[in-house]
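Here is the structure we will look at, set down as C-alpha cells.
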Amino acid sequence: MSELINTISSHQGQIWQALGEHLLLSMEALLLSCLIAIPLGMLLAHSKRAGEVVFQITSIIQTIPSLALLGLLIPFVGIGMTPALIALTAYGIMPIYQNTYSALRNIDPNLEEAADAFGLSRWKKLSRLEFPMALPMTLSGVSISLVMIIGTATLAAMIGAGGLGTYIMIGIQQNNNTYLLIGAGLSAVLTLAMSGLLKFMASSKKHFRVTAAVLAIFAIGLGVSQLPKALAPKEEKVVIAGKLGSEPDILINMYKYLIERNNPHVKVTLKNNFGGTSFLFNALKTGKIDIYPEFTGTVLQGLAKKKVATLHDPAKTYQLAKKLMAEEDQLTYLPAMNYQNGYDLAVTKAFAKKNNIKSLSDLAKVDASLTAAFDPDFANQQDGYLGLKKEYGLNFKVKTMEPALRYKAIASGKVAVVDGYTTDPQIKQYDLVALKDDKSFFPPYQGAPLLKTSFAKKHPGVVKSLNKLAGKITEAEMQEMNYKVTVKHESASKVARQYLKQHGLL
C-alpha cells in the first residue's frame, strides 16, 4: 500500500493525463456509437428483415478480436487516437442498437393503434410515444456499451493512443503490481462512475434533463477554456516517442528539456511507452512522430533491409547503421551516446565470488548442470543463447520466462544465470554481476536519436540540441537512472532533469 501511495504521489501528473485521455477517448467513442446506433434502431424498427441484417453485422464486429481490429485499421488510418476511436465505436454500436431496436419493436400494439387513431404523424408518434417508452432499455444498452468501451480502451495504449492501458502494459512488462493496480483500478472506478451516472439519468425524466444540461454546460465550458489556446500564436510542434520501459522514457524527457531550452518557439509533445521497435519505426517513417531513440545493434539486425555481418566495434557499427538508414529510408541517425544497452548474462555476487567468475569464459568453466532463465527470444536466437553456446561452449539447463520473473528467480536462488541488458536496474536491485563478454560476441547497442532527414534539415536547432547528448551517459549512470525510475518510482522527467543539470547540459 505504501508503494502504491508513493507511486501515485510521484506520478500525479501522468496519472491524471492518462485518466483524461482514457475518459475522452471512451466518451467520444460512446457518443459516436449512440449517434450511429440509436437513429439506426429507430429507422429500422419497422423493417424486421433489414433490422435483423444490421443486427447480424454488428454482432459479427463483436467477434473480431480487438487487437486484430486495431491492427487492420493501422494501414488505413495510421496510429494513435483515430484507429482506437474507430475500433471502440464499432464495438459500442451493437448493445445500443440491439436494445433500441428491440425496445421499439416490442411496444404494445394497442398503444400504436391508439396513436394512429389520434392522427399522430410518424415523427410525433416516435418522439411522443415510441422513443420515451424505449428510452430506459436504450440507456441500458448505452450502459453495457460504456462498460465494453472503457475496458477495451485499455488496449489503445498499444497503438499510441495513451490512456490507462499504458500503466497496465508497463505493469505486465516490469511485473509491477503497483502499475497494474493503478491502470486496472482507475479503469474500474471510471466504469462504475459513468455507469452510475447513466443509471441516475435513466431513473427519471427530471434526472435525465438535469444530467444532460450539466453535461452540456461542462462541454461548453471545456470548449470555451480551449479558446485562448486555439487563438494563441501557433507554436512549432515536435513529437518525440519512446519504447516501453523506463530507459526510453528517461531519454525522451532529456530530448524534450534540451530542445525546449534552446528552441523557445518549439513545443515538444512526448509519447512515452508508445510501443515496440517496428511500431515506432513505421510511425517515424509515416510522419506520426518526429524523433525516437534507437540502438545501433537494433538498426542493423532488425530495421535495415540489407543484412550485414555482426560487427563488434561500436564506432563502425554506428557508422554502418547511420549509412543504411540514410540510404534505405532517408532517415538521419544522430551521434550516439556513450553507454551500450546490450545483452548480458548475470549471476549473483555470491555465486560469482564463490566460483571466481568475472567473464563469460569463466562461466563456461563452471559445472555444466547450471540452470539458466532466459527470455524466449534470447533462448532461441543465433545472436542470443544459440550463438553464445557455440562461442563460449556453454551448456545450461534453460528455462524461458519473462524479464521480471527471471530476475526474481535468480534472486530467490531458483536459477543460477539470467540474460538481460547491461543497464537493467534489477542488476543493482538484486545485487547481481553482469559478466564481461570477453570475446565480444554481442553486437554494440548504443542509443541515438533517429529522425527523418527532411525533418533534420528543417530543424537544425533541434538537431544541435540533441547532439549535446553525443558521447554522454555511462552504463553505470543509465543503470542508476533506471533504478530510480523502476525501483524507487521516481518520475522519468525528474530523473532526466537531474542528470542534465548535474552535467551542465541544462
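Look at the dipole of region 343-434 built from charges on Cβ: of ALA404, ASN355, GLN382, the Cα furthest out on the positive end belongs to ASN355.
Based on alpha-carbon atoms, the Kirkwood radius and the radius of gyration of region 349-506 give Rg/Rh equal to 1.05.
Which helices, taking whole DSSP H runs in the chain, have alpha carbons extending 20 angstrom or more along the helix axis plus mean Kyte-Doolittle at least -1.0? Display every interim value, and only then the final one.
Working: long enough: 12-44 (47 Å, 1.24); 48-63 (23 Å, 0.31); 81-105 (35 Å, 0.56); 131-152 (30 Å, 1.63); 177-202 (37 Å, 1.39); 205-225 (30 Å, 1.15); 246-262 (25 Å, -0.46); 314-329 (22 Å, -0.90).
Counting only whole DSSP H runs, the qualifying helices are 12-44, 48-63, 81-105, 131-152, 177-202, 205-225, 246-262, 314-329.
Label 7 Å along Cα→Cβ of ALA188; region 147-162 residues with amide nitrogen under 14 Å? So the set is 151.
Dipole of the chain computed with +1 at Lys/Arg Cβ and -1 at Asp/Glu Cβ about the Cα centre; of VAL487, LEU244, LEU258, farthest Cα towards the positive end is LEU258. Protection proxy ranking, highest mean first, for peptides 438-445, 269-276, 347-354: 269-276, 438-445, 347-354, where packing is the per-residue count of other beta-carbon atoms within 10 Å, averaged.
Listed by chain and number, the lysines placed with their C-alpha closer than 29 angstrom to that of LYS205 are LYS124, LYS125; residues fewer than eight positions away on the same chain are left out.
Bridgeable aspartates and glutamates around LYS305 (alpha carbons under 19 Å apart, same-chain partners fewer than 8 residues away excluded): GLU294, GLU327, GLU328, ASP329, ASP383. Size of region 343-434: Rg and Dmax of its alpha carbons, in Å, are 11.8, 31.
Which value, in Å³ per residue, describes the convex hull spanned by the Cα atoms of region 263-382?
182 Å³
When every Cα-Cα distance of the chain is counted in 10 angstrom steps from zero, the calculated P(r) takes the values 4, 16, 23, 22, 16, 10, 6, 3, 1, 0 percent. Bridgeable lysines around LYS243 (alpha carbons under 17 Å apart, same-chain partners fewer than 8 residues away excluded): LYS256, LYS271, LYS285, LYS288.
Peptides 82-90, 181-189, 102-110 ranked from most to least packed give 82-90, 181-189, 102-110, packing being the mean of other C-beta atoms within 10 angstrom over each peptide's residues. Per-peptide packing, taken as the mean over residues of other Cβ atoms within 10 Å, places 93-101, 400-408, 2-10 in the sequence 93-101, 400-408, 2-10 from highest down.
Under a Cβ-only charge scheme (Lys and Arg +1, Asp and Glu -1), can you give me the dipole magnitude of the chain about the Cα centre, in debye to the nearest 20? Dipole magnitude for the chain comes out near 720 debye. Between VAL147, SER187, LEU311, the Cα set farthest toward the positive side of the dipole of the chain (charges on each charged residue's Cβ, about the Cα centre) is that of LEU311.
Under a Cβ-only charge scheme (Lys and Arg +1, Asp and Glu -1), can you give me the dipole magnitude of region 343-434 about the Cα centre, in debye to the nearest 20?
Dipole magnitude for region 343-434 comes out near 440 debye.
For LYS305 and LYS399, the difference between the fully extended length at 0.36 nm per residue and the C-alpha to C-alpha distance is 30.6 nm.
This model, with +1 at the C-beta of Lys and Arg and -1 at the C-beta of Asp and Glu, gives region 84-131 a dipole about its Cα centre of some 180 debye.
Over 21 Å apart at the Cα level, from the set LYS322/LYS390; LYS322/LYS457; LYS353/LYS428; LYS365/LYS389; LYS365/LYS439, are LYS322/LYS390.
No value in this document is a laboratory result; all are computed from the given coordinates. Remember, predicted model here, so these are calculated numbers, not experimental data. Positions of Cβ are backbone-derived with ideal geometry, glycine not excepted, and every protein chain shown enters the neighbour counts.
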